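K.L.:
I have a structure I would like to understand better, so I am pasting it below and will then ask my questions one at a time.
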Amino acid sequence: MVMKRKIREVKAKIVHHSRLGEKYFNLRLLSPEIARVAQPGQFVMLRVAEARDPYLRRPFSLARIWPPDQKEKNKKDPGLIEIWYQVRGRGTHLMSRLSVGEKVDLLGPLGRGFWLAENLKKAILVGGGIGLAPLIAWAEKLQQDKKERRLSAENPEVLVLVGGKSRAEILGWRELKRMRLEPQIITEDGSWGKTGLVTDLLERELMTGRNEGTVIYACGPWGMLAKVAQIADQFDIPCQVLLESRMACGLGACLGCAVKVRVEHAGKELLKKSAPNEERASEESLFDQEAGWAVNTPVPFRYARVCQEGPVFLAATVIWE
Ligand SMILES: Cc1cc2nc3c(=O)[nH]c(=O)nc-3n(C[C@H](O)[C@H](O)[C@H](O)COP(=O)(O)OP(=O)(O)OC[C@H]3O[C@@H](n4cnc5c(N)ncnc54)[C@H](O)[C@@H]3O)c2cc1C
Ligand code: FES
């Protein structure tokens, strides 16, 4: 059954805005409407300035999701979401100057988030730099589900691998520890944890050979994700990746966010099997003719809109070029 998406456009009040380490910011927003329905891996489009300059909203993953407390209708859990972000250009620079009490225009939740695989025994979460943000929400959900015993017979083990160029790019460890998770940390310059790449940690972990029921969930720079996908393929392990791409509308209308995916992985059966419980794009949009098919090439591909079919994809479906 195709579920309808519940996308909201809201004015969300900023309740907290602070630096997150040396390099990033943490923006907490009051938005019961979005917090109530959002899933880890989904994103919001945020308008950074009332004056509509810059005009386009910017996409951000949800790092924390605290749904409103339905039972008590109290003010303790009013429905909050948190965005962790890095200043990259004009939009995020203006965003970093927003103050507590101001309201921002939000559209969301958007896209398809992470999904639980059948017979999941071990979830390996692999985050590079700010890419850790959506994995925090996913780790929290996995741990929460364990607590509530909503996962089948055996609870899966959750392992989080965190990487960055230097200490300044490592985030989330405090939150992970609060979730009773012990992240493995690695930096390229060795300023925190082991020295190397987060993909080195992943390879080492998989080489132990106890990989039955393992699923990898990854987010980070494109090059890192391509390497994660290659490792997952080498060890024959399912892998979900959260992709970033430039977005104008976030709603499937502009095609600006399209990435190439393999046609042989685009079969309805596989897509249904891979994401059974998620709110998903309609089947029409999954097989949208206007998105184009290219079958006379060595690897048959089509374009998939990251904002609709993603941002989370099976790594094996993506053409990593
Ligand atoms: C689904 C999704 C989730 C995202 N989640 C987060 C998040 O949780 N935290 C976070 O900090 N950022 C996230 N991003 C990236 C974020 O949207 C961009 O950093 C932001 O739009 C940049 O806006 P700007 O106006 O500051 O920069 P611009 O002036 O638009 O661009 C400045 C520089 O950033 C690069 N850039 C812009 N947009 C992107 C993008 N989407 N991906 C990669 N590089 C980009 C440009 O190439 C340019 O070099 C996400 C993107 C997507 C698509
Ligand atoms: S951002 Fe417009 S189609 Fe995806």
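The values are calculated or read from the model by the stated rules, or taken from the named source; none is laboratory data. What you see is a predicted model; the values in this text were computed from it and never measured. Cβ coordinates were reconstructed from backbone atoms using ideal geometry, including for glycine residues, and neighbour counts include every protein chain displayed. Ligands, DNA and RNA are excluded from the accessible area calculation, which covers all protein heavy atoms including side chains. Shrake-Rupley method; radii C 1.70, N 1.55, O 1.52, S 1.80 Å.
For every residue, the table says whether it meets (1) closer than 17 Å to residue 40 by Cβ; (2) open to solvent by less than 80 Å² (accessible area, probe 1.4 Å); (3) not assigned by TED's automatic domain parsing to the domain that holds residue 318.
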| position | (1), (2), (3) |
| --- | --- |
| 140 | yes, yes, yes |
| 157 | no, no, yes |
| 163 | no, yes, yes |
| 197 | no, no, yes |
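K.L.:
Given 64, 90, which one is basic (Lys, Arg), in contact (Cβ under 8 Å) with a residue 24 or more places away in the chain and either closer than 23 Å to residue 41 by Cβ or crowded, with 20+ Cβ neighbours inside 10 Å (or both)?
P.N.:
Going through 64, 90 in turn, just one is basic (Lys, Arg), in contact (Cβ under 8 Å) with a residue 24 or more places away in the chain and either closer than 23 Å to residue 41 by Cβ or crowded, with 20+ Cβ neighbours inside 10 Å (or both): 64.
K.L.:
Could you figure out which of (1) surrounded by fewer than 17 Cβ atoms within 10 Å (Cβ to Cβ); (2) within 16 Å of ligand 2 (Cβ to nearest atom); (3) over 19 Å from residue 132 (Cα atoms); (4) not hydrophobic (A, V, I, L, M, F, W, C) isn't true of residue 245?
P.N.:
Evaluating residue 245 over (1) surrounded by fewer than 17 Cβ atoms within 10 Å (Cβ to Cβ); (2) within 16 Å of ligand 2 (Cβ to nearest atom); (3) over 19 Å from residue 132 (Cα atoms); (4) not hydrophobic (A, V, I, L, M, F, W, C) leaves (3) as the failure.
Okay, residues lined up against (1) within 16 Å of ligand 1 (Cβ to nearest atom); (2) of a type outside the set (Asp, Glu); (3) open to solvent by 20 Å² or more (accessible area, probe 1.4 Å):
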| residue | (1), (2), (3) |
| --- | --- |
| 232 | no, yes, no |
| 240 | yes, yes, no |
| 253 | yes, yes, yes |
| 259 | yes, yes, no |
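K.L.:
Which residue, of 54, 59, is touching a strand residue (DSSP E or B) at 6+ places or on another chain (Cβ under 9 Å) and modelled with pLDDT of 85 or more?
P.N.:
Testing whether each residue is touching a strand residue (DSSP E or B) at 6+ places or on another chain (Cβ under 9 Å) and modelled with pLDDT of 85 or more leaves just 59.
The rows are residues; the columns are (1) more than 16 Å from the chain's Cα centre (by Cα); (2) at pLDDT 95 or above.
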position: 89; (1), (2): yes, no
position: 102; (1), (2): yes, yes
position: 112; (1), (2): no, yes
position: 124; (1), (2): no, yes
position: 143; (1), (2): yes, no
position: 150; (1), (2): yes, no
position: 155; (1), (2): yes, no
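K.L.:
From the list 176, 202, pick out the single residue that is buried (at least 20 other Cβ atoms within 10 Å of the Cβ), more than 20 Å from residue 85 (Cβ to Cβ) and outside the structural domain of residue 321 (by TED's automatic domain parsing).
P.N.:
202
K.L.:
Among the listed residues 99, 166, which satisfies the condition of being touching a residue at least 40 places away in the same chain (Cβ under 8 Å) and touching a strand residue (DSSP E or B) at 6+ places or on another chain (Cβ under 8 Å)?
P.N.:
Going through 99, 166 in turn, just one is touching a residue at least 40 places away in the same chain (Cβ under 8 Å) and touching a strand residue (DSSP E or B) at 6+ places or on another chain (Cβ under 8 Å): 99.
K.L.:
For the range 67-87, what are the residues that are open to solvent by 20 Å² or more (accessible area, probe 1.4 Å), within 21 Å of residue 39 (Cβ to Cβ) and modelled with pLDDT of 95 or more?
P.N.:
80 - this is the single residue of the range 67-87 that is open to solvent by 20 Å² or more (accessible area, probe 1.4 Å), within 21 Å of residue 39 (Cβ to Cβ) and modelled with pLDDT of 95 or more.
K.L.:
For residues that are open to solvent by 10 Å² or more (accessible area, probe 1.4 Å) and within 19 Å of residue 129 (Cα to Cα), tally how many sit in the range 207-228.
P.N.:
So the count comes out to 7.
K.L.:
For the range 92-116, give me the residue count where each residue is away from ligand 1 (no atom under 13 Å from the Cβ) and outside any loop (DSSP other than H, G, I, E, B).
P.N.:
Matching residues across the range 92-116 total 4.
K.L.:
Might you check whether a residue that is free of Cβ contacts under 8 Å to residues at least 24 places away in the same chain, closer than 22 Å to residue 59 by Cα and not in a helix (DSSP H, G or I) occurs anywhere in the range 117-125?
P.N.:
The answer is no; no qualifying residue exists.
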